[in-house]
Every structure is written in structure tokens, then in C-alpha cells.
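**Student:** Before I ask anything, here is the structure I am working with.
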Amino acid sequence: MAIQPLRGKMLWFNEAKNRGVISTEEERLPVDGGAFENEPPQGPCSGLVVEFDIEAGEEGPRAARVRMVPEPDSRRARRRRSH
């Protein structure tokens, strides 16, 4: 049985410092730019939904293997609802 990744939202990400914070219902976790499977977010990212794993860091748990969750295409969603 595969372990499901956790889901949370980006609170902020500082491109200059290459660090940010992800919020879940239970906690806030630090995230480094290198933890993103693709590129870290650029520009405003507050509220972006991400999936991630947790790993032990020197200062406690932190987010790892972070993936952005694609936003649903609102045009498709509207089309489906109208039928």
C-alpha cells in the first residue's frame, strides 16, 4: 500500500533566501528551494496548493519532494456543471 503525500498550502517563499513555509491543518513546515521536484515558486505564491513528504531536518521536520498541485481548469469545470 502506497503512502499518500501530504497536502498543504504555501504561506510564502523568499526567492532570494531560497526558503519558505508550507502550512497544513496541523503544522507549519519549512521548505528549501531544493526540496521542489521542479523549480521553486517564483513571484507571489501564497495559497498555492502543494503535495509533499516530510523528512527529519537538523531543526525538526521539514517538507521534502514538494510538487505543485495543478489548479483545475475553470472553463472545463463550468462546462461539466452545465450538462
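The values are calculated or read from the model by the stated rules, or taken from the named source; none is laboratory data. Given the structure is predicted, the values throughout are model-derived calculations rather than measurements. Counting neighbours? That spans all protein chains shown, and the Cβs are built from the backbone with ideal geometry, glycine included. The area values use the complete protein model at the heavy-atom level, side chains included, leaving out ligands, DNA and RNA. Shrake-Rupley method; radii C 1.70, N 1.55, O 1.52, S 1.80 Å.
**Student:** For the pair Ser46/Glu71, report the inter-label distance in nm, with labels modelled 7 Å from Cα in the Cβ direction.
**Tutor:** If labels sit at Ser46 and Glu71, their model points lie 1.5 nm apart.
**Student:** Moving to a separate point now. When the accessible area of segment 1-50 is split by element with a 1.4 Å probe, what percent falls to carbon and sulfur?
**Tutor:** Answer for segment 1-50: carbon and sulfur cover 49 percent of the accessible area.
**Student:** Across segment 35-49, in residue order, what do the Karplus-derived ³J(HN,Hα) couplings come to in whole Hz, using 6.51 cos²θ - 1.76 cosθ + 1.60 with θ = phi - 60° and x for Gly and Pro?
**Tutor:** Rounded to whole hertz, the list is 7, 7, 5, 10, 7, x, x, 10, x, x, 9, 4, x, 5, 7.
**Student:** Read phi for every residue in segment 61-70 and hand back ³J(HN,Hα) as whole Hz from Karplus 6.51 cos²θ - 1.76 cosθ + 1.60, θ = phi - 60°, with x for Gly and Pro.
**Tutor:** Residue by residue, segment 61-70 yields x, 8, 6, 9, 6, 7, 10, 6, 8, x Hz.
**Student:** How much length is gained if the chain between Glu15 and Asp53 is pulled fully straight, taking 0.36 nm per residue apart and subtracting their Cα-Cα distance, in nm to one decimal?
**Tutor:** 11.6 nm
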